[in-house]
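What follows is a short report on a single structure.
What follows is calculated from the coordinates using simple rules that are stated; it is not laboratory data. Quick caveat: nothing in here was measured; it's all calculated off a predicted structure. Counting neighbours? That spans all protein chains shown, and the Cβs are built from the backbone with ideal geometry, glycine included.
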Amino acid sequence: MIQKHKEKLNNPAIRTLDISSFILGISAALILYLESDYFKTATKSDNVTLFFIFAYAITLILIFNWHHLIRKFGKKNVFLGNLLMKALVVLALAKLPVGKIGIGFLMGYIILTVLSWIDIDILLEACSRDHSSFFRGNYFE
């Protein structure tokens with residue numbers, strides 16, 4: 001059975017997502033700048049590639065199954081839950097000493113960051129119409 005949905009433009013929601021995206025981008029940039037050094041310091045090794053590969057492999061698996069959470073809890077609730085978990089991870093990273101436990105939390109931050117961008121994309125798609133964007137142009141036609 002094909003489900004059809006009505007598309008309607010919700011400018012206030014798009015503006016909120018735009019501001020949220022900007023704030024999340026700044027916060028992610030600050031932490032991303034320090035990730036490699038954190039892994040190097042925690043492991044006392046210059047080879048930190050495996051941590052990123054492992055984090056992004058888990059992220060890929062979660063991306064393919066993310067729709068289950070969205071169906072169960074809703075788009076907005078999944079996004080807000082993701083932000084809450086991300087905030088808790090950042091607080092834990094601020095309180096924990098650099099070490100193996102911190103590596104797990106930092107990898108969790110990497111995973112949650114990617115998933116938060118996916119959540120923003122899903123929310124933006126839900127509050128906009130096809131062939132339109134918050135720039136009010138049809139740039140892809």
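Numbers for the structure displayed
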quantity	calculated
Cα centre as origin, Lys/Arg/Asp/Glu Cβ charges: the range 45-128 dipole, Debye	320 debye
FRET E, pair K40, L91, Förster distance 30 Å, beta-carbon r, rounded to 0.05	0.85
Which of L83, Y109, F73, positive extreme of dipole for the range 1-115 (C-beta unit charges)	F73
Most to least packed among 81-89, 15-23 [average Cβ atoms within 10 Å]	81-89, 15-23
Lysine-lysine proximity count for the range 11-126, Cα under 18 Å, sequence distance 8 or more or distinct chains	5
Top positive-direction residue, dipole computed over the range 11-126 with Cβ charges, set F64, L30, N11	F64
